[in-house]
Amino acid sequence: MLTVDSISKSFGGLTAVNSCSFTIESQSITGLIGPNGAGKTTIFNVIAGAMNPDGGRVQFQGTNITGQPAHTLFHLGIMRTFQIPQEFFAMTVLENLMVVPAKQSGENLFYALLSPGNVAAREKEVRERAIDVLDFLRLTHVVDELAGNLSGGQKKLLELGRAMMADPDIVLL
């Protein structure tokens, strides 16, 4: 599913990643372990499109995605999360999930004014999916809580939930 082949990345005279290769199989959970400064964040940034490698390539489902920007990779189902969660702290947990799906009809003034039934139907669909994600993550008990009030672990789960809302088959880095 995801293949990293001989990725290298340097910053000035410092080599952060030197010919790194690995494969992550579909429907697997894989960890990347190493000491501070080992290049873990750099390899995540290369895979997720935040920076380009100096050499090597990244393939996803057989397609070369090396150097693709993060917004393009997001639509393929690849994104990275951060060590410090980036929730919308003044919105509820449910609202944090509902803002994620792209191209919601209510985002278009034309549809919002001339097709309110379609907007309402799409919002219902998004809400139901968000509730399913919260149920999967065992966060339904905080559905109406402001995201800023969650514990650190709950915020990480919420961030995972936002990724799941973007694409149910998403690869998390």
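On the basis of being over 22 Å from residue 158 (Cα atoms) and hydroxyl-bearing (Ser, Thr, Tyr), does residue 42 make the cut? Yes.
Do we find that residue 86 is of a type in the set (S, T, N, Q), open to solvent by 40 Å² or more (accessible area, probe 1.4 Å), modelled with pLDDT of 85 or more and under 30 Å from residue 3 (Cα atoms) in this structure? No; evaluated as a whole, the condition is false for this residue. Counting only residues that are assigned to a loop (DSSP other than H, G, I, E, B), closer than 16 Å to residue 163 by Cα and open to solvent by 30 Å² or more (accessible area, probe 1.4 Å), region 89-102 holds 3 of them. Filtered by the rule that a residue be of a type in the set (D, E, K, R) and loosely packed, with under 14 Cβ neighbours inside 10 Å, region 134-149 gives 135, 138, 144.
How many residues, within region 117-133, are exposed (fewer than 13 other Cβ atoms within 10 Å of the Cβ) and over 21 Å from residue 164 (Cβ atoms)?
Just the residues of region 117-133 that are exposed (fewer than 13 other Cβ atoms within 10 Å of the Cβ), to begin with: 117, 120-121, 124-125, 128.
In the following step, the residues that additionally are over 21 Å from residue 164 (Cβ atoms) were identified as 117, 120-121.
Residues in region 117-133 being exposed (fewer than 13 other Cβ atoms within 10 Å of the Cβ) and over 21 Å from residue 164 (Cβ atoms): 3 in total.
Is it true that some residue in region 23-30 is at pLDDT below 95, outside any loop (DSSP other than H, G, I, E, B) and under 23 Å from residue 155 (Cβ atoms)? No: zero hits. Looking only at region 1-22, which residues are assigned to a loop (DSSP other than H, G, I, E, B) and surrounded by fewer than 14 Cβ atoms within 10 Å (Cβ to Cβ)? Residues satisfying the conditions are 12, 13.
Of all residues in region 124-143, those that are farther than 12 Å from residue 97 by Cα have Cβ atoms under 8 Å from Cβ atoms of residues that are outside any helix (DSSP H, G or I), 6 or more apart or on another chain, in 142/150. Only a single item in (1) assigned to a helix (DSSP H, G or I); (2) at pLDDT 85 or above is not met by residue 111, and it is number (2). Exactly one of these conditions fails for residue 57: (1) open to solvent by 80 Å² or more (accessible area, probe 1.4 Å); (2) part of a helix (DSSP H, G or I). Give me its number. Failing condition for residue 57: (2). Looking across region 24-37, the residues that are open to solvent by 50 Å² or more (accessible area, probe 1.4 Å) and aliphatic (A, V, I, L, M) come down to 29, 32, 33. Filtered by the rule that a residue be within 23 Å of residue 75 (Cβ to Cβ) and either among the hydrophobic types (A, V, I, L, M, F, W, C) or at pLDDT 90 or above (or both), region 92-108 gives 95, 96, 97, 98, 99, 100, 102. Please work out if residue 81 is assigned to a loop (DSSP other than H, G, I, E, B) and either of a type in the set (D, E, K, R) or open to solvent by less than 70 Å² (accessible area, probe 1.4 Å) (or both). The answer is yes for residue 81. Take the conditions (1) touching a helix residue (DSSP H, G or I) at 6+ places or on another chain (Cβ under 9 Å); (2) within 24 Å of residue 100 (Cβ to Cβ); (3) open to solvent by 20 Å² or more (accessible area, probe 1.4 Å); (4) of a type outside the set (Lys, Arg); residue 52 misses just one of them, which is (2).
The values are calculated or read from the model by the stated rules, or taken from the named source; none is laboratory data. Here the structure is a predicted model, which is why all the values come from computation and not from measurement. Ideal geometry is used to build each Cβ from the backbone, glycine not excepted, and the neighbour counts take in all protein chains shown. Note: accessible area is taken over every heavy atom of the protein model, side chains too, but ligands, DNA and RNA are not part of it. Shrake-Rupley method; radii C 1.70, N 1.55, O 1.52, S 1.80 Å.
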